[in-house]
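The values are calculated or read from the model by the stated rules, or taken from the named source; none is laboratory data. Keep in mind it's a predicted model, so treat the numbers as computed, not measured. Reconstructed Cβ throughout: ideal geometry from the backbone, glycine too, with neighbour counts over all protein chains shown.
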Amino acid sequence: MYKILDKLNFKGKKRLPYFFLFCIASFLGGALNGFVGTGGGIIFVFLLTLLTENEKKDSYATTLAAIIPISLVGSISYFSGGSVDFELLRGAYLPAILGGVLGALLVDKLRLKFLNLLFGCLVIYSGITMLVR
């Protein structure tokens, strides 16, 4: 726990209450990901950029690594309930993996301002789409 506290940047404030805030927000991000299949990453990126001195690109990478086990646990629950469309899933695997590789290769070549703009636009678009549908 102390290593985590050292990574979190609370600017001289009492670290323990902020650690619990970090844990609560992480829990809510995981729950949101489980509820609707997305959104946890948005919370994690926001949380990591707010509470650490990491570069935003590092926050994106850390979020991807965090989402893997969270998504796996949520997926198992949906698999057991019969809610997964395996035919659609098979068609999405290869393009999604190729897109992930391309994104990981390009992230260091893109300007941070562009990544911030892209991320912000995706969040806004996703929010509007979910409210309208």
query: Hey, any hits in the stretch 33-49 for a residue that's modelled with pLDDT of 75 or more, more than 27 Å from L115 (Cα to Cα) and buried (at least 16 other Cβ atoms within 10 Å of the Cβ)?
result: no
message: Please go through the stretch 18-40 and give me each residue that is hydroxyl-bearing (S, T, Y) and either over 11 Å from the mean Cα position of the chain (by Cα) or farther than 23 Å from G120 by Cβ (or both), ordered by number.
response: Y18
message: Condition (residue is closer than 25 Å to Y18 by Cβ, surrounded by 15 or more Cβ atoms within 10 Å (Cβ to Cβ) and touching a residue at least 12 places away in the same chain (Cβ under 8 Å)) applied to the stretch 74-94: is it met by at least one residue?
response: no
- prompt: From the list I70, I76, which one is outside the structural domain of R133 (by TED's automatic domain parsing), touching a helix residue (DSSP H, G or I) at 6+ places or on another chain (Cβ under 6 Å) and farther than 21 Å from I124 by Cα?
  reply: I70
- request: Check S75, S71, S126, S83 and return the single one that is outside any helix (DSSP H, G or I), of a type in the set (G, A, S) and within 19 Å of N33 (Cβ to Cβ).
  value: S83
